[in-house]
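Participant: Structure provided below as structure tokens; questions to follow.
The values are calculated or read from the model by the stated rules, or taken from the named source; none is laboratory data. All figures in this text were calculated on a predicted structure; none of them were measured in a lab. Backbone-built Cβ (ideal geometry, glycine too); neighbour counts: all protein chains shown.
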2 protein chains.
Amino acid sequence: MATKEQPKEMTRRQFLTTVGKVGGSVAVFSLMGTMGLLTPETLKAAEYTPPGKNDLHLSGRGGKKIVILGAGMAGLTAAYELGLAGYDCTILEAKSFAGGRNWTIRKGTSVSEIGSGRQTSRFDNGLYFNAGPMRIPQFHVTLDYCKKFGVAIEPFNNVNESGYYYNENVGALSGQRVPKRAAKADVRGYVAEMLAKAVNQNALDLPLTAEEKLKLVDYLKAEGDLNPDLFYKGSERGGYKDEPGSRLDAGVLRDPFDLKAIINSGFGKYFSNEYGYDQQMMMFHPVGGMDAIVKAFEKRVGSRIKYRAEVKEIRQSSSGVRIVYADGHSGRDQEVRGDYCICTIPLTVLKKIPADFSPEMSKAIGSVGYASAGKIGLQFKRRFWEEDEYLYGGSSLTNMDITQIYYPPTDYFGKKGILLGYYAYGGIADKLGGMSYAEREKLALTQGAKIHPQYPKEFEASFSIDWKKTKYQEGGWVSYSANDRKTYYPTLCKPDNRIYLAGEHISYITAWQAGAIESAREVVTDIHQRVMKA
Amino acid sequence: MATKEQPKEMTRRQFLTTVGKVGGSVAVFSLMGTMGLLTPETLKAAEYTPPGKNDLHLSGRGGKKIVILGAGMAGLTAAYELGLAGYDCTILEAKSFAGGRNWTIRKGTSVSEIGSGRQTSRFDNGLYFNAGPMRIPQFHVTLDYCKKFGVAIEPFNNVNESGYYYNENVGALSGQRVPKRAAKADVRGYVAEMLAKAVNQNALDLPLTAEEKLKLVDYLKAEGDLNPDLFYKGSERGGYKDEPGSRLDAGVLRDPFDLKAIINSGFGKYFSNEYGYDQQMMMFHPVGGMDAIVKAFEKRVGSRIKYRAEVKEIRQSSSGVRIVYADGHSGRDQEVRGDYCICTIPLTVLKKIPADFSPEMSKAIGSVGYASAGKIGLQFKRRFWEEDEYLYGGSSLTNMDITQIYYPPTDYFGKKGILLGYYAYGGIADKLGGMSYAEREKLALTQGAKIHPQYPKEFEASFSIDWKKTKYQEGGWVSYSANDRKTYYPTLCKPDNRIYLAGEHISYITAWQAGAIESAREVVTDIHQRVMKA
């Protein structure tokens, strides 16, 4: 068995890398797969083999220059990984800070959205919210970098049964905030009751033996908390009208909602938001803000970044690349040359930059759409969600424009806190994005107060983002149609002579930092193989 | 409206306490309830009105002595709350440390179980596991004390879809570890399919309009991730055979399990473990160990505790109480007198202590049963669950004796870690409790290795607890039958002349620290009212 041959001090990664080098990644897969130790999630991470540290040096190929466009997660990853192997990287970043959409809003953060005035955050010192990515599934490669760089993480409370559902115009439960636990208990209860009775009465033509039907009914009883007669009559899972306590205080269960009311409420359709592979618990985020990851990368590759360097032209020839950029410091156009270019600029921005792309690539870049997304952070004097409602992190969902409220999954027991007052996508995000900063704040406060009457009394300050109107980003994340994936995506994935695209948009993990990181690593591997072959 | 009259700098608790004092707790309830600000969970906390700080002093009733038996959560709470009001409390604690079942096992922790030899923990410095309570629902009063005392908390990962189910002798899926996400996706998918088709074909006699049936089917499609024809054909929710990645790596979904296989697996019955009111997310625990709460109490009332003071007799007369205890320091019996006694000793232990209880109380104390419970902590050289499996906290469930494995919800990315190798109750706990420490370790390792083959290679040290065999505890938690609650419980809740019982067993929040705290607070209120009336 391979385990025997594995030196004791070897880490998993080193081991896999070694096996990978000897036998190729197929060997890694079959070997570890049969050992049964690794999950598909881990195998994904093991696919990447970093360029050998001494490859360039030993083969006399030193001095290779790579120009990286954009200091977001893809650009930072590429510079870091290539740097380890001795490549000479330069990152051009249009903004005065790195991270791209990994952007944490703190005191003094300032932005002028396209077509709007300046907005400067008046949040208190130490408070923040993440305008872009705010959570990381436990199996994403993003956590590998957190671990490697010593970025401390803490759970992101993506599931909290104490959060609320609040819908308008849905019948009897309109305008009523309902704890998630109550809606789930009732919907699961009634639904389990319906099916359990049907199965019990052999009303359905199921390919099950009598014994299997019993097991199914048993499951449904447990799933719905049904009584022995298979009725749902409410459940402690839904919470209490009056909490149980000490001595003779046995508590009083809440009454379940009426079947029709809960079906018409539409709450049930929210449940599955938590079921998605990349939304399931556990999720994490860096302590102190998502940009802790950016800072960790900057510590390692910061000297390679030219800030306020807005790319004006992307040129290439058979011998190299040449990037013209407006230098925000000198106010003059400059250029930088290299052997290869890794371009991580979002396609919405890239399509407007003159570039030596093939017609096919230019067409693809210009054809793909991006999702609208907007968020607002609301600072409150007091963490009333914790103090008044024992609600520690998690979210409330609604069919109002604000769509959802997220409670801070950090700094519990703190004095003040910043709620995510809305997080909207698509058409609603466009509507909110079209408003002034003040109008967005007003809408967030007015609608949010329907769920939390404490809003008006406790509110202090807001900061809102519309990603479509954010310069150098112009979109929340790539949004491929099935046809885009077929027609344009393969072109975007191929190097265009000496230029390689990277970013979440060059992945099947779109809208996630992991997509940016994975795509950067694939490009790094590609370039290195090309260099070593040349 | 009351909000207007509320001075700005008043906290919620102060406000409620004030209103409570003026109008009684009914006033608080109706007032805040109609304001719609507070949840039932918060109202529970608001029920407690601490004794006025100057009540004793102003009424010339100073110098009242309270003898508290046991420095567990109930005893500590009572001493703390009474102390604030000027009562002179003495806590007798049989062990050399406080906390009772709130017990964190660290390097050097040592115990001799009843009838067994000594066991001393060889865990590394800084590593720990909680032998008793390990998680706190977000709405429990326990968190109020954490907040008040500045005890930092972090989430307890009670839900993690990357954990496993592993059952033996359950048909096709026997002996196969299955990620929770996969079992949930399949069971929910098939079940939603069955019901959706039945509803769609009007096979069931449901009290719903056609429009409501459509909504129900819509919900089921979302809940089960059904295709447009209402079939469940697998779902990304269950995870991938091959993870999606960058460029052309779209990933390969796992194949769903066969309907019969997943029904026979019994996995479905595990789902609802997470649905219980007191098991739902979010849950929390103190950073650094559950005993951080104990230490915070000790800081405030530690000078009141006599350690190694084993109660031998509990005496009372019309004028006061007298407690005889064996002083472990001097080796001699001593006594302490007081006006009232709060007895928090578990009934399993109390029933063996000579005491001046009424016959009715003695009978009740001797009649109630306690649950068996046992845990083992396993220290591993390497956090293989994180490194190999991207599994950060949460649990795996099994029908083997070990019942469940919990992964540490703290110190992510650390080098080593302590797993909870089993957590068993009832008959299984008795079986494990009957084993030697070495036999328990062997069983935990052998069975655990079926889920995690890394066990044998990475194991370093264990420490196991059987609560029935733990001196001065002799049980996991009280276990009332319905008849016990009717016949004996009301007696236990009443003061027996000058002696008041407190603890999780004097509550409807049994097995939780909150039960101990709430019952202590009710006793504090009772005694204070009696003193002030006298």
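Participant: I need a count of the residues in the range A:489-503 that are outside any loop (DSSP other than H, G, I, E, B) and facing chain B (nearest Cβ under 9 Å). Steps first, please.
Facilitator: Narrowing the range A:489-503 to residues outside any loop (DSSP other than H, G, I, E, B): A:489-493, A:496, A:499-501.
With facing chain B (nearest Cβ under 9 Å) added as a condition, the list becomes A:489-490, A:492-493.
Selection size over the range A:489-503: 4.
Participant: Could you say whether any residue in the range A:290-299 is modelled with pLDDT of 95 or more and in contact with a Ser or Thr (Cβ under 6 Å, 6 or more places away or on another chain)?
Facilitator: Scanning the range A:290-299, I find at least one residue that is modelled with pLDDT of 95 or more and in contact with a Ser or Thr (Cβ under 6 Å, 6 or more places away or on another chain), so the answer is yes.
Participant: For residues that are part of a strand (DSSP E or B) and either within 25 Å of the chain's Cα centre (by Cα) or not hydrophobic (A, V, I, L, M, F, W, C) (or both), tally how many sit in the range A:418-460.
Facilitator: In the first step, residues of the range A:418-460 are kept if they are part of a strand (DSSP E or B); the result is A:418-425, A:459-460.
Keeping just the survivors that are either within 25 Å of the chain's Cα centre (by Cα) or not hydrophobic (A, V, I, L, M, F, W, C) (or both) gives A:418-425, A:460.
Count: 9.
Participant: Take residue B:499 and decide whether it is in the same structural domain as residue B:61 (by the TED database), touching a Cys at 6+ places or on another chain (Cβ under 8 Å) and not hydroxyl-bearing (Ser, Thr, Tyr). Full working, then the answer.
Facilitator: Details: in the same structural domain as residue B:61 (by the TED database): yes; touching a Cys at 6+ places or on another chain (Cβ under 8 Å): yes; not hydroxyl-bearing (Ser, Thr, Tyr): yes.
Here the answer is yes, as residue B:499 does meet what is asked.
Participant: How many of the residues making up the range B:340-379 are in contact with a helix residue (DSSP H, G or I) (Cβ under 9 Å, 6 or more places away or on another chain) and either more than 28 Å from residue B:111 (Cβ to Cβ) or modelled with pLDDT under 95 (or both)?
Facilitator: 8
Participant: Can you say whether residue A:242 is facing chain B (nearest Cβ under 10 Å), under 23 Å from residue B:39 (Cβ atoms) and at pLDDT below 95, as far as the supplied structure shows? Steps first, answer last, please.
Facilitator: On the way: facing chain B (nearest Cβ under 10 Å): yes; under 23 Å from residue B:39 (Cβ atoms): yes; at pLDDT below 95: yes.
Yes; evaluated as a whole, the condition is true for this residue.
Participant: Let me ask something else about it. Is at least one residue of the range B:369-387 of a type in the set (Val, Ile, Thr), under 23 Å from residue B:510 (Cα atoms) and more than 18 Å from the chain's Cα centre (by Cα)?
Facilitator: no
Participant: At least 2 residues that are farther than 16 Å from residue A:311 by Cβ in each: list the helices (runs of 4 or more DSSP H) lying fully within the range A:327-403 that qualify.
Facilitator: Values: elements: A:347-350, A:359-367, A:384-387.
Result: A:359-367, A:384-387.
Participant: So residue A:193 fits all but one of (1) facing chain B (nearest Cβ under 9 Å); (2) of a type in the set (D, E, K, R); (3) under 21 Å from residue B:268 (Cα atoms); what number is the exception?
Facilitator: (1)
Participant: Quick check on the range B:483-500: of everything there that is among the hydrophobic types (A, V, I, L, M, F, W, C) and closer than 12 Å to residue B:364 by Cα, which residue is surrounded by the most Cβ atoms within 10 Å (Cβ to Cβ)? So that I can check it myself, show each step before the final result.
Facilitator: Going residue by residue through the range B:483-500, those that are among the hydrophobic types (A, V, I, L, M, F, W, C) are B:492-493, B:499.
Subset that is closer than 12 Å to residue B:364 by Cα: B:492-493.
Details: B:492: 23, B:493: 21.
For the range B:483-500, the residue satisfying everything is B:492.
Participant: When you scan the range B:213-228, do you find a residue that is aliphatic (A, V, I, L, M) and either touching a Ser or Thr at 6+ places or on another chain (Cβ under 8 Å) or in the same structural domain as residue B:395 (by the TED database) (or both), even just one?
Facilitator: Residues of the range B:213-228 that are aliphatic (A, V, I, L, M), as a first pass: B:214, B:216-217, B:220, B:222, B:226.
Right, trim to either touching a Ser or Thr at 6+ places or on another chain (Cβ under 8 Å) or in the same structural domain as residue B:395 (by the TED database) (or both) and you get B:222.
For the range B:213-228, residues aliphatic (A, V, I, L, M) and either touching a Ser or Thr at 6+ places or on another chain (Cβ under 8 Å) or in the same structural domain as residue B:395 (by the TED database) (or both): present.
Participant: Do you know which residues across the range B:123-144 are more than 23 Å from the chain's Cα centre (by Cα) and either at pLDDT below 95 or under 20 Å from residue B:423 (Cα atoms) (or both)? Quick ask: steps written out before the conclusion?
Facilitator: First, the residues of the range B:123-144 that are more than 23 Å from the chain's Cα centre (by Cα): B:123-125.
Across the range B:123-144, the qualifying residue is only B:123.
Participant: Restricting to the range B:209-225, count the residues that are part of a loop (DSSP other than H, G, I, E, B) and either at the interface with another protein chain (Cβ under 7 Å from one of its Cβ atoms) or on the phi > 0 side of the Ramachandran plot (or both).
Facilitator: Quick first cut of the range B:209-225, residues part of a loop (DSSP other than H, G, I, E, B) only: B:209, B:225.
With the extra rule that they be either at the interface with another protein chain (Cβ under 7 Å from one of its Cβ atoms) or on the phi > 0 side of the Ramachandran plot (or both), the set shrinks to B:225.
Adding up the residues that qualify gives 1.
Participant: A further question follows. What residue, of A:447, A:513, A:529, is out of contact with any Lys or Arg (no Cβ under 9 Å at 6 or more places or on another chain), surrounded by 18 or more Cβ atoms within 10 Å (Cβ to Cβ) and at negative phi? First the steps, then the outcome.
Facilitator: Details: A:513 fails: out of contact with any Lys or Arg (no Cβ under 9 Å at 6 or more places or on another chain); A:529 fails: surrounded by 18 or more Cβ atoms within 10 Å (Cβ to Cβ).
Answer to the selection: A:447.
Participant: So if I check each of B:311, B:294, which one is in a helix (DSSP H, G or I), in contact with a strand residue (DSSP E or B) (Cβ under 6 Å, 6 or more places away or on another chain) and either at positive phi or more than 14 Å from every other protein chain (Cβ to nearest Cβ) (or both)? Show your work before the answer.
Facilitator: On the way: B:311 fails: in a helix (DSSP H, G or I).
That would be B:294, the only listed residue that is in a helix (DSSP H, G or I), in contact with a strand residue (DSSP E or B) (Cβ under 6 Å, 6 or more places away or on another chain) and either at positive phi or more than 14 Å from every other protein chain (Cβ to nearest Cβ) (or both).
Participant: I need every pair where a residue in the range A:516-534 that is of a type in the set (Ser, Thr, Tyr) has its Cβ under 8 Å from the Cβ of a residue that is surrounded by fewer than 22 Cβ atoms within 10 Å (Cβ to Cβ), sequence separation at least 6 or different chains.
Facilitator: A:519/B:247; A:525/A:49; A:525/A:51
Participant: Let me ask something else. List pairs: first residue in the range B:289-314 and in contact (Cβ under 8 Å) with a residue 40 or more places away in the chain, second residue assigned to a helix (DSSP H, G or I) and β-branched (Val, Ile, Thr) anywhere in the structure, Cβ distance under 9 angstrom, at least six positions apart or on different chains.
Facilitator: These pairs meet every condition: B:293/B:142; B:297/B:77; B:311/B:349.
Participant: Please determine, by comparing only the residues of the range A:160-190 that are of a type outside the set (S, T, N, Q) and assigned to a loop (DSSP other than H, G, I, E, B), which one is farthest from the other protein chains (Cβ to nearest Cβ). Steps first, answer last, please.
Facilitator: Just the residues of the range A:160-190 that are of a type outside the set (S, T, N, Q), to begin with: A:161, A:163-166, A:168, A:170-173, A:175, A:177-190.
Okay, now just the ones that are also assigned to a loop (DSSP other than H, G, I, E, B), so A:161, A:163, A:168, A:170, A:175, A:177.
Details: A:161: 4, A:163: 9, A:168: 16, A:170: 10, A:175: 11, A:177: 9 Å.
Only one residue fits best here, namely A:168.
Participant: Could you check the range B:226-261 and list, in sequence order, the residues that are assigned to a strand (DSSP E or B) and surrounded by fewer than 16 Cβ atoms within 10 Å (Cβ to Cβ)?
Facilitator: First, the residues of the range B:226-261 that are assigned to a strand (DSSP E or B): B:240-242, B:246, B:252-253.
Within the range B:226-261, B:241, B:252 meet the criteria.
Participant: Out of everything in the range B:260-279 that is more than 17 Å from residue B:136 (Cβ to Cβ) and in contact with a Pro (Cβ under 9 Å, 6 or more places away or on another chain), what residue ends up being farthest from the other protein chains (Cβ to nearest Cβ)?
Facilitator: So the residue we want is B:262.
Participant: Next question. Considering each residue of the range A:68-93, count those that are surrounded by fewer than 21 Cβ atoms within 10 Å (Cβ to Cβ) and either closer than 26 Å to residue A:433 by Cβ or touching a strand residue (DSSP E or B) at 6+ places or on another chain (Cβ under 7 Å) (or both), and give that number.
Facilitator: Count: 3.
Participant: Taking the range B:389-409 on its own, how many of its residues are within 13 Å of chain A (Cβ to nearest Cβ) and at positive phi?
Facilitator: 3
Participant: Kindly indicate whether residue A:244 is in the same structural domain as residue A:128 (by the TED database) and not acidic (Asp, Glu). Spell out the reasoning first.
Facilitator: Numbers: in the same structural domain as residue A:128 (by the TED database): no; not acidic (Asp, Glu): yes.
No: the conditions fail for residue A:244.
Participant: Residues in the range A:440-451: is at least one away from every other protein chain (no Cβ under 13 Å) and either among the basic types (Lys, Arg) or under 30 Å from residue B:251 (Cβ atoms) (or both)?
Facilitator: yes
Participant: Still on this structure: Select from the range A:134-179 the residues that are of a type in the set (Val, Ile, Thr) and within 29 Å of residue A:510 (Cα to Cα) and list them in ascending order. Give the derivation first.
Facilitator: Applying the first criterion (of a type in the set (Val, Ile, Thr)) to the range A:134-179 yields A:136, A:141-142, A:151, A:153, A:159, A:170, A:178.
Answer for the range A:134-179, where residues must be of a type in the set (Val, Ile, Thr) and within 29 Å of residue A:510 (Cα to Cα): A:136, A:141, A:142, A:151, A:153, A:159.
Participant: Would you pick out the residues in the range A:125-159 that are part of a loop (DSSP other than H, G, I, E, B), touching a Lys or Arg at 6+ places or on another chain (Cβ under 7 Å) and not hydroxyl-bearing (Ser, Thr, Tyr)?
Facilitator: From the range A:125-159, those part of a loop (DSSP other than H, G, I, E, B) are A:125-128, A:131-135, A:138-140, A:150-152, A:157-159; that's our starting set.
Within this subset, residues satisfying the condition of being touching a Lys or Arg at 6+ places or on another chain (Cβ under 7 Å) are A:125, A:127-128, A:131-133, A:158.
Passing the criteria: A:125, A:127, A:131, A:132, A:133, A:158.
Participant: Right, another one. Step by step: first the residues of the range A:120-148, then only those that are more than 10 Å from chain B (Cβ to nearest Cβ) and in contact with a helix residue (DSSP H, G or I) (Cβ under 6 Å, 6 or more places away or on another chain), then the one that is surrounded by the most Cβ atoms within 10 Å (Cβ to Cβ). Which residue is that?
Facilitator: First, the residues of the range A:120-148 that are more than 10 Å from chain B (Cβ to nearest Cβ): A:120-136, A:142, A:145.
Cutting the leftovers down to in contact with a helix residue (DSSP H, G or I) (Cβ under 6 Å, 6 or more places away or on another chain) gives us A:133, A:136, A:142.
Numbers: A:133: 24, A:136: 24, A:142: 30.
Filtering the range A:120-148 for residues that are more than 10 Å from chain B (Cβ to nearest Cβ) and in contact with a helix residue (DSSP H, G or I) (Cβ under 6 Å, 6 or more places away or on another chain), the one surrounded by the most Cβ atoms within 10 Å (Cβ to Cβ) comes out as A:142.
Participant: Out of B:517, B:509, B:465, report the one residue that is more than 10 Å from chain A (Cβ to nearest Cβ) and either in contact with a strand residue (DSSP E or B) (Cβ under 8 Å, 6 or more places away or on another chain) or not in a loop (DSSP other than H, G, I, E, B) (or both).
Facilitator: Working: B:517 fails: more than 10 Å from chain A (Cβ to nearest Cβ); B:509 fails: more than 10 Å from chain A (Cβ to nearest Cβ).
From the options B:517, B:509, B:465, the qualifying one is B:465.
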